[in-house]
Structures are given as structure tokens and as C-alpha cells.
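Here's the structure, in C-alpha cells; my notes come after.
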Amino acid sequence: MTTELEIGLYIFMLAGFLGYHIITRVPPLLHTPLMSATNAIAAISLVGSLVVAGSDYSNVPNGWVCTMLGLIAVTCSATNAVGGFLITDRMLRMFRTAGDRAAKRRPVELQAFGAVLAIVAVVTAILYATRPAGMAMGEYLHEHVAPEALRYCYIVSAALFVLGLKGLSSPRTARSGMGLAAFGMFVAVVGTLFHPHIVTYRWIILGFAIGTVVGGTMGLSIPMTAVPQRTAISHSLGALSACLVGVSEYFRYQGGIDRVTLTALDFEVIIGALTFTGSLIAAAKLQELLPGRPITYRGQNVFSMALLSVILVSAVYLVLTQAATPFFYVMVALSMVFGLLLVIPIGAADMPVVIALLNSYGGLADAAMGFVLMNKIQIITGSLDGTSGFLLSLLMCRAMNRSAMNVLFGAFGSVSEDEARAAAEAKGTVRNITAEETAVLFDTARSVIVVPGYGMAVAQAQHAVAELGSILHERGVDAKYAIHPVAGRMPGHMNVLLAEANVPYEQLCEMEQINPYFPEADIALVVGANDVTNPAAKTNKSSPLYGMPILEVARAKSIIVLKRSMRPGFAGVDNDLYYNENCMMLFGDAKDSITKLISEMKSLL
Ligand code: NAP
């Protein structure tokens with residue numbers, strides 16, 4: 001006979017394959033919204049948290065501990081759900097074509113609200129019609145409807161999540177897809193409120209209220225340039241929620257749980273705890289609250305491996321003894337320490353890969369929670385989230401031509417400034433250009449390719465870049481944007497920033513698409529991009545960039561580079577491009593330089 005566990009494992013694998021199939025179809029343009037969307041969907045840990053916060057612990061000594069853990073878990077998950085869907089929607093609203101912008105905006109929200117109201121009305125009418133005569137509605141809902149309804153709610157919401165992710169295969173369908181996913185979350189949460197184990201709503205309401213305020217504020221106010229940090233914080237909250245639900249279950253049954261469930265529970269709390277602290281460190285590094293450089297010490301890997309071994313041995317011991325022991329809580333604390341040690345030696349610039357991996361771990365913790373509570377929707381979404389994070393981290397590594405091992409243990413980007421300066425001196429001189437001279441060049445150009453990079457994000461120059469682009473278009477110049485898959489510091493970073501500045505997405509060209517056009521371009525304007533344009537990636541076998549596909553800027557008729565100095569970029573290596581005879585450097589902050597360039601261009605008219 002097939003057991004619940006086997007069914008759960010089948011579901012986990014199938015959801016993983018489905019996730020792979022859907023997520024490989026998401027274009028690089030939408031990789032950042034994908035990260036934040038899977039993050040929002042991973043807030044399905046709410047389902048487990050609600051049951052823990054609302055259950056009856058009157059027979060459990062100090063049962064209030066479980067309730068409080070549930071309250072914190074509900075707060076964290078609600079923050080993620082509200083914040084995650086809001087920020088994803090904010091991003092997706094920016095991805096529009098020139099035609100969409102000209103057309104009157106359809107009130108999608110009103111239509112969606114109307115549809116939800118209609119569904120709620122139909123369901124209420126059916127419930128009234130099927131209620132046995134004389135039975136109170138509350139009794140009917142709790143005793144007869146809830147157990148069946150819950151199952152159907154979860155099936156519906158799983159289908160909506162899958163359709164939602166499928167919507168991300170095109171910017172046209174992405175927003176409505178995310179609307180479906182958000183509705184899926186709504187259905188799952190409303191269904192869970194009828195869970196037979198929930199006897200009180202007091203803590204659930206409190207957790208929801210706090211989560212909605214915090215998540216809503218984060219979702220509406222966080223600038224697009226801070227999306228990587230926000231995503232990391234979200235992972236940490238989701239993972240904390242999964243970990244606390246596991247701790248609460250252990251506390252409730254005092255270890256007296258069957259071995260299979262206890263194995264899943266150990267996995268849930270270990271992965272949840274290390275993802276919680278690892279993600280906090282990632283966010284702190286990106287926010288520059290901690291030094292961005294890799295922090296290393298002698299014997300680090302040996303110490304980390306020893307710690308991991310202790311954690312794993314404790315987990316096995318707990319499963320074998322099935323007894324209440326403080327060892328469990330020590331194991332959780334050690335897992336948190338392991339999470340810190342895992343991320344501290346990695347440089348801030350590698351954080352996007354780390355964040356994607358932590359996303360994947362968070363998904364696995366959610367899936368493990370699903371196995372502990374035998375909740376299929378959590379197994380499905382955990383598997384989808386795990387696959388998505390894993391795939392994104394692999395895609396980033398591939399686009400950088402680096403292995404995941406090199407990212408996690410390589411302490412990359414730590415070439416000293418002295419080494420870089422020495423390398424630069426060996427290569428010769430660079431030509432400077434002023435904003436006035438650049439404006440004269442632009443005056444005669446018929447075709448321009450703008451190459452944005454991390455410096456555009458630092459300078460927050462996206463609006464100035466977009467203004468320059470529209471001035472060029474107005475003057476009949478063929479202006480395009482060349483987007484490298486790992487330009488910036490997260491996948492699709494440049495797409496989000498330019499979409500925020502109202503650049504229609506059909507003007508954003510992927511690397512393979514734009515590279516053949518560089519020889520025809522009168523000007524390639526490099527805005528704070530460095531590594532992604534470095535010809536050494538093709539020609540110099542000893543360069544750390546060797547093998548990484550690049551934007552072939554060097555083939556343009558003239559190249560103008562906007563940056564502040566000759567300092568290297570993320571890879572810490574000098575850029576051969578700057579010594580090309582057709583390359584000119586406009587030194588300064590990218591936003592200031594473009595603003596000056598625009599005013600010079602206007603004065604030439
Ligand atoms: P980059 O190689 O890091 O170079 C950015 C350049 O921007 C720097 O040389 C810097 O020079 C300049 N800059 C910084 N602030 C500026 C400002 N205010 N105004 C003007 N310029 C400014 O960036 P990239 O070309 O975009 O390449 C991205 C790198 O990140 C790649 O090596 C990629 O592998 C790595 N990476 C990307 C991702 C991802 O998902 N996107 C993930 C992990 C790693 P100055 O200091 O002289 O101004």
C-alpha cells in the first residue's frame with residue numbers, strides 16, 4: 001500500500017520537474033521578478049504557521065510556547081506574502097512596451113477584485129443552499145464543510161501557483177500570472193482558517209496585522225536598487241518561520257514523533273536555521289552594514305565541516321532516541337552559527353548567487369515542513385521554490401563562467417588595487433573626453449547602443465539614461481540597450497532598473513541578439529559597466545574572466561565609457577577595452593555625466 005510519505009515524495013519530485021520545465025522558460029528579462037515571485041509563493045509556510053498559532057495546547061505543559069512560536073511564524077510568513085506579492089507587482093507593472101504606455105491603463109486590480117467578490121458570493125450561496133435545515137452555519141462549516149473544503153482549496157491554490165509561475169514566461173502575461181498566484185495564496189490561507197485543529201484566531205489575527213503592516217511597508221517603499229537585500233531578508237523570515245514551526249512541533253510532542261517525521265523535522269529546523277542567519281548576513285553585506293569583502297580565517301573550511309558534522313550527528317541521535325532532549329535546541333543554535341559561517345567568507349558581489357541558493361534552501365525547508373505536517377501544498381511550493389533558486393544560481397554561475405564551488409569557496413574579486421594599477425600601467429594610456437566633446441559626437445551619430453552595468457545602479461542613473469534614450473529617439477537616432485545576463489548584481493538587474501525608468505522592454509536587447517549590431521553602431525555608450533565588456537574574457541587565458549561571454553563593445557566605431565576612475569569592477573581585473581584607440585573615458589559619476597551630456601546636447605541645437 002502506498003503510504004502518505006511515498007505520495008509526498010512523488011509530489012515533491014513531480015513538482016520539481018514541473019518547476020524546472022516552467023522556470024527554464026522565464027526570460028532573463030524577468031529573472032529578478034521571478035526571484036521575488038518565488039519568494040512570495042514560499043510564504044505558503046503561512047499555512048503551517050496558522051495551524052501552529054491557532055491550535056489547542058491545553059494538554060501540553062507550557063503550551064503557550066508553541067502558540068508564541070506560531071505567532072512569530074505567522075508574522076514572518078504574512079510579511080513575506082504581503083511584501084513579496086506587492087514588490088513583484090511593482091516590478092512587473094514597469095515592464096511595458098511603448099504601445100502599452102500609450103494605451104489607457106486597464107484597471108486590472110478592479111477586475112481582479114470583482115472576480116474575487118463574485119467567487120466568494122457563489123461559494124457562500126452554494127454553502128447556504130447545501131446546509132441541512134436547522135443546522136447553524138458555523139456548525140455546518142466546521143463539522144462538515146471544512147475537512148473537505150481544505151483539500152480542494154489546496155488543490156486549487158497549487159494549480160494557481162503553477163499557472164502564476166507559467167505567466168512569467170512573458171512580460172505580457174507576467175502580471176496576471178502573479179495575480180493568479182496571489183489568489184492561490186488567498187485560497188490556501190482562507191481554506192486553512194477552517195482547519196479543524198484551529199480553535200482560536202486571536203494570535204493569527206495579531207500575526208497577520210503585524211505582517212501586513214511590515215510587509216506592506218516594505219513592499220511599497222523599498223527602492224528597486226535595494227531588491228537584492230529585501231529578497232535576502234524575505235528568505236530569512238521565511239526560513240525562520242519554517243524553523244519555528246519545526247521547533248514548536250518538537251516542543252509539543254517532546255520528541256515523541258515517529259522516525260520518518262522526526263527526520264523531516266530535523267531537516268526542516270537545520271535548513272531553516274542556517275538559511276535564517278545566512279540570509280541575514282547576505283542582506284547585511286549587500287546593505288554595507290558588514291564589510292563586503294570575503295572574511296576568511298585559517299582553518300575556516302575545516303572548522304565549518306566539523307560543525308556541520310556535529311549538527312548531522314545530533315540529528316541522527318535525535319531520530320534514533322525519539323526522546324525529549326535539550327540537544328535538539330543546541331542543534332538548532334549550531335545550525336544558526338553554521339549559516340553565519342557559510343556566508344561570511346563570501347564577498348558581497350557574489351551575494352546574488354548566494355541569495356538564489358538560500359532561496360532554494362528556504363524552499364527545501366518549506367517542503368520539509370510539508371512532510372512534517374503532511375501538507376501537500378507546502379511540499380509542492382517548497383519544491384517549486386527549491387528548483388527555481390537552484391536553477392537561477394546555476395544560470396548565474398554559467399553566465400559568469402564560474403562553478404558554484406568557486407563562488408562559495410573562492411573568495412573571488414579580492415585582487416588588490418595595487419595589482420590592478422600595476423596591470424593598467426603596463427598597458428598604456430587612455431583617452432579622456434569631456435561632456436561637451438561627447439555631445440558633438442552624439443550630434444552626428446545615427447546609431448547608438450547603451451551598455452548599462454553595475455555603475456548605473458550605484459549612480460541611480462537609470463532615469464537619466466532613459467531620458468538620453470528618448471532624446472536620441474526623438475532625433476531619429478536608432479538607440480538600443482544591450483543587456484548582459486549578469487550585468488549589475490542580480491539576474492535581470494538592468495532590466496528592472498530601466499523598466500523603472502519607463503524604457504519599453506522591446507528596446508532592451510539580450511547579449512546574443514545585440515552583439516552582431518556593435519560593428520554598425522556609431523557609439524557604444526558604456527554606463528558603469530566593466531567586466532561584461534572586457535575583451536580579455538575572449539583573448540586572455542589567464543584572466544579570471546576568460547570564457548565569460550561578453551558584450552562585444554570593442555567592435556563599435558566609437559566607445560564612450562562613463563565611470564569614476566580606472567578602478568576595476570567586480571572581478572578585480574583591469575579592462576583591456578579602455579586602451580582601445582576608439583575608446584574614450586568620460587570620468588565622473590554616471591548620473592552627473594549623463595545629465596551634463598544631455599544639457600550640452602540641448603545647447604547644440
Ligand atoms: P562591474 O564589472 O562590477 O563594474 C562596475 C563599474 O561601475 C566599476 O568599474 C565602477 O568603476 C563603475 N561605477 C561604480 N559606481 C559608479 C558611479 N557612481 N558612476 C559611474 N560608474 C560607477 O559591473 P558589470 O560590468 O555590470 O559586471 C557585473 C559583474 O558582477 C560581473 O563580473 C558579474 O559576473 C558579477 N555578478 C553579477 C551577478 C548578477 O546576477 N548580475 C551576480 C554575481 C556577480 P568606478 O569605481 O571607477 O566608478
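The values are calculated or read from the model by the stated rules, or taken from the named source; none is laboratory data. Quick caveat: nothing in here was measured; it's all calculated off a predicted structure. Reconstructed Cβ throughout: ideal geometry from the backbone, glycine too, with neighbour counts over all protein chains shown.
Look at ALA356 and say whether it is part of a helix (DSSP H, G or I), within 16 Å of the ligand (Cβ to nearest atom) and either modelled with pLDDT of 90 or more or under 15 Å from the mean Cα position of the chain (by Cα) (or both). For ALA356, the condition - part of a helix (DSSP H, G or I), within 16 Å of the ligand (Cβ to nearest atom) and either modelled with pLDDT of 90 or more or under 15 Å from the mean Cα position of the chain (by Cα) (or both) - is met. Residues of the range 533-580 that are part of a loop (DSSP other than H, G, I, E, B), more than 11 Å from the ligand (Cβ to nearest atom) and more than 28 Å from the chain's Cα centre (by Cα): PRO535, ASN540, LYS541, SER542, SER543, GLU552, ALA556, LYS557, ASN580.
Among the residues of the range 209-226, is there at least one that is closer than 15 Å to THR79 by Cα, within 15 Å of the chain's Cα centre (by Cα) and part of a helix (DSSP H, G or I)? Talk me through it step by step, then tell me what you get.
Of the range 209-226, the ones closer than 15 Å to THR79 by Cα are 209-222.
Checking the rest, the ones that are also within 15 Å of the chain's Cα centre (by Cα) come to 218-219, 222.
Then drop every residue that is not part of a helix (DSSP H, G or I), which leaves 218-219.
Yes, the range 209-226 has at least one match.
The test for being surrounded by 15 or more Cβ atoms within 10 Å (Cβ to Cβ), in contact with a Pro (Cβ under 8 Å, 6 or more places away or on another chain) and among the hydrophobic types (A, V, I, L, M, F, W, C) holds for ILE295.
Among residues of the range 520-535 that are within 16 Å of LEU586 (Cβ to Cβ) and touching a residue at least 24 places away in the same chain (Cβ under 8 Å), those with a beta-carbon under 8 Å from a residue that is more than 8 Å from the ligand (Cβ to nearest atom) and aromatic (Phe, Trp, Tyr) at least six positions away or on a different chain give the pairs ILE523/PHE442; ALA524/PHE518. Collect the residues in the range 581-595 that are in contact with a strand residue (DSSP E or B) (Cβ under 6 Å, 6 or more places away or on another chain) and within 8 Å of the ligand (Cβ to nearest atom), keeping them in residue-number order. Hits for the range 581-595 are ALA590, SER593. Beta carbons closer than 6 Å, at least 6 apart along the sequence or on distinct chains, pair a first residue in the range 53-66 that is farther than 20 Å from TYR329 by Cβ with a second that is assigned to a loop (DSSP other than H, G, I, E, B) for GLY54/ILE198; GLY54/THR200; SER55/HIS197; ASP56/VAL199.
If you go through the range 462-499 and keep only what is over 15 Å from the mean Cα position of the chain (by Cα), charged (D, E, K, R) and closer than 25 Å to ILE550 by Cβ, you end up with ASP478, LYS480.
The residues of the range 523-532 that are within 14 Å of the ligand (Cβ to nearest atom) and touching a Lys or Arg at 6+ places or on another chain (Cβ under 9 Å), listed by number, are ALA524, VAL526, VAL527, GLY528, ALA529, ASN530.
Yes/no matrix, rows are residues, columns are (1) assigned to a helix (DSSP H, G or I); (2) surrounded by 20 or more Cβ atoms within 10 Å (Cβ to Cβ); (3) within 16 Å of the ligand (Cβ to nearest atom); (4) of a type outside the set (A, V, I, L, M, F, W, C):
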| position | (1), (2), (3), (4) |
| --- | --- |
| ALA15 | yes, yes, no, no |
| HIS21 | yes, no, no, yes |
| ASN62 | no, no, no, yes |
| ALA73 | yes, yes, no, no |
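Screening VAL503 on (1) buried (at least 24 other Cβ atoms within 10 Å of the Cβ); (2) within 16 Å of the ligand (Cβ to nearest atom); (3) among the β-branched types (Val, Ile, Thr) shows it passes everything except condition (2).
When only residues in the range 483-534 that are among the charged types (D, E, K, R) and out of contact with any strand residue (DSSP E or B) (no Cβ under 9 Å at 6 or more places or on another chain) count, which is nearest to LEU472 (Cα to Cα)? Don't jump to the end; show me each part of the working.
Our first condition is that a residue be among the charged types (D, E, K, R); within the range 483-534, this holds for 489, 500, 506, 510, 512, 520, 522, 531.
Those left that are additionally out of contact with any strand residue (DSSP E or B) (no Cβ under 9 Å at 6 or more places or on another chain): 489, 500, 506, 512, 531.
Numbers: ARG489: 28, GLU500: 19, GLU506: 16, GLU512: 24, ASP531: 26 Å.
Result: GLU506.
Each residue in the range 361-408 was checked for being touching a helix residue (DSSP H, G or I) at 6+ places or on another chain (Cβ under 8 Å) and charged (D, E, K, R), and 3 pass. State whether one or more residues within the range 367-381 are within 16 Å of the ligand (Cβ to nearest atom) and under 18 Å from the mean Cα position of the chain (by Cα). No, every residue in the range 367-381 fails to be within 16 Å of the ligand (Cβ to nearest atom) and under 18 Å from the mean Cα position of the chain (by Cα).
Looking at GLY191, GLY177, GLY211, which is the one that is more than 13 Å from VAL82 (Cα to Cα), in contact with a helix residue (DSSP H, G or I) (Cβ under 9 Å, 6 or more places away or on another chain) and modelled with pLDDT of 90 or more? Checking each option against the conditions leaves just GLY177. Each residue in the range 434-487 was checked for being within 14 Å of the ligand (Cβ to nearest atom) and on the phi > 0 side of the Ramachandran plot, and 1 pass.
Looking only at residues of the range 382-397 that are touching a residue at least 60 places away in the same chain (Cβ under 8 Å) and within 16 Å of the ligand (Cβ to nearest atom), we find that the one that is farthest from ILE155 (Cα to Cα) is MET396. Just one of the listed residues (ARG90, ARG96) is in contact with a helix residue (DSSP H, G or I) (Cβ under 9 Å, 6 or more places away or on another chain), surrounded by 11 or more Cβ atoms within 10 Å (Cβ to Cβ) and modelled with pLDDT of 85 or more, namely ARG90.
Against the conditions (1) in contact with a Cys (Cβ under 9 Å, 6 or more places away or on another chain); (2) surrounded by fewer than 18 Cβ atoms within 10 Å (Cβ to Cβ), PRO196 satisfies every one except (1).
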